[in-house]
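Here's the structure, in C-alpha cells; my notes come after.
Just so it is clear, none of the values below were taken in a lab; they were calculated from the coordinates. Model, not experiment: these values are computed from the prediction. With ideal geometry, Cβ positions are generated from the backbone for all residues, glycine too; neighbour counts draw on all protein chains shown.
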Amino acid sequence: MIKKWFLTIVLGGSMVALAACGDDAAKETEGEETPQEEVAADQESAELPEIPEPDLEGIPDVVAEVNGEKIVKEDFESTYTGQFQQMAMQAQVSGQEVDQTQLKEQVAESLVAQELLVQETEKQKLTASEKQTSAALEELAQQNGLKSSDELLAALEEQGVSKKEVMTQIESQVKIDQLIASETGEIKLTDEEVQKFYDEAKAQQEKAGGEEIPAFKEVKPQIEEQLKMQKEGEATQTLIAKLREKAEVTINL
C-alpha cells in the first residue's frame, strides 16, 4: 500500500514524473529488451494518441472552503493536473476519454477530505517526530523507485517542489497516519478471511485464463497486507464521512 496517498495527491504531477522514473529504473535492473521487444514497444507507442491537456479554464481562485480554510486554485490545479495525467495514460489503453467534469469534482472532494483530516490532527494536537518524518520520507523514496530520501528531494526540487514543502506534507501525512491508526486500532485478520480472498482471486484468474496463482503459503503475507489496506481504507472513509457531517464545506466548482 502506498500509505503516502495524501502526499502523492498533493504533489500531483511531480509524483507522476517520479513514478515514471522509477519504472524506467526498474526496467533497467530487469535487463535489456530484445530487438524484437524494442520494435514492438516502439510500434505500440507510435499507435497511441497524444495525451490531451487538462482543462483548467474557469477554475475559481477559491475552489473550496472547509471550516473557513480555503483550498485555492493553485493547489487544485497542481493536484488535478497530476490526476488527469494518470487517467489520460490509462485512457490511452482503454480508448475512453477522461470525463474532466467528473474528475474535477473527485479532486475537489479529495482535497476537502484531506483538509478535514488535517484539521482533525490539529484538533487532537497530534505531532510528528523527526524520526517519524525521516522514516516516512525514506519509504516514499522507495515507493517511487529511488535509492534514498536525498535522491527524492533532489528529484522533487527539479520538479519545482521545495524541501520545505515536501517536509510539511510529510509531517501532515505522519499525523494523518496516527489519526487513522487510532480509528482502526490493531487490525486482526482471521484465517478464513485470508483463505477466502485467495480462493476468490484464484477462481477469477482461472476464469480469465491467466497465469496460475502461486501457492497459498507463498502469497499469504501479500494477501494479509492487502486486506489490512482495505480495512484501513474503509476506516478512513468512515472517519472522513463523520468529520464532513459536522463541518462547514463549500465547493465552488
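As a calculated quantity, the FRET efficiency between K147 and N252 at R0 = 35 Å, using C-beta atoms, amounts to about 0.25. Exposure proxy ranking for K147, K220, K125, based on other Cβ atoms within 10 angstrom of each Cβ and starting from the fewest, stands as K125, K147, K220. Charge dipole of region 163-222 (Cα centre as origin; +1 on each Lys and Arg Cβ, -1 on each Asp and Glu Cβ, all else neutral): 280 debye, rounded to the nearest 20. The charge dipole of region 65-161, taken about its Cα centre with unit charges on the Cβ of Lys, Arg, Asp and Glu (plus for the first two, minus for the last two), comes to roughly 160 debye. The gain in end-to-end length when the Q237 to E200 segment is fully stretched comes to 10.9 nm, 0.36 nm per residue minus the alpha carbon separation.
If you take the Cα centroid of region 139-194 and the Cα centroid of region 50-98, the two points sit 22 Å apart. Around the amide H of V72, modelled in the peptide plane, lie the amide H atoms of V63, all under 5 Å away and 5 or more residues distant in sequence or on another chain.
Segment E183..F216, full-extension length gain: 8.9 nm, with 0.36 nm per residue of separation and the alpha-carbon distance subtracted.
The HN-Hα couplings worked out from phi for region 111-122 by the Karplus form 6.51 cos²θ - 1.76 cosθ + 1.60 (θ = phi - 60°) are 5, 4, 4, 4, 5, 4, 5, 4, 4, 5, 5, 5 Hz, whole numbers, x standing for Gly and Pro. Each Cα pair under 8 Å and six or more residues apart adds its sequence gap; the mean of these over the residue count of region 69-187 is a relative contact order of 23 percent.
On the beta carbon distance between K125 and E69, with R0 = 25 Å, the FRET formula returns roughly 0.90.
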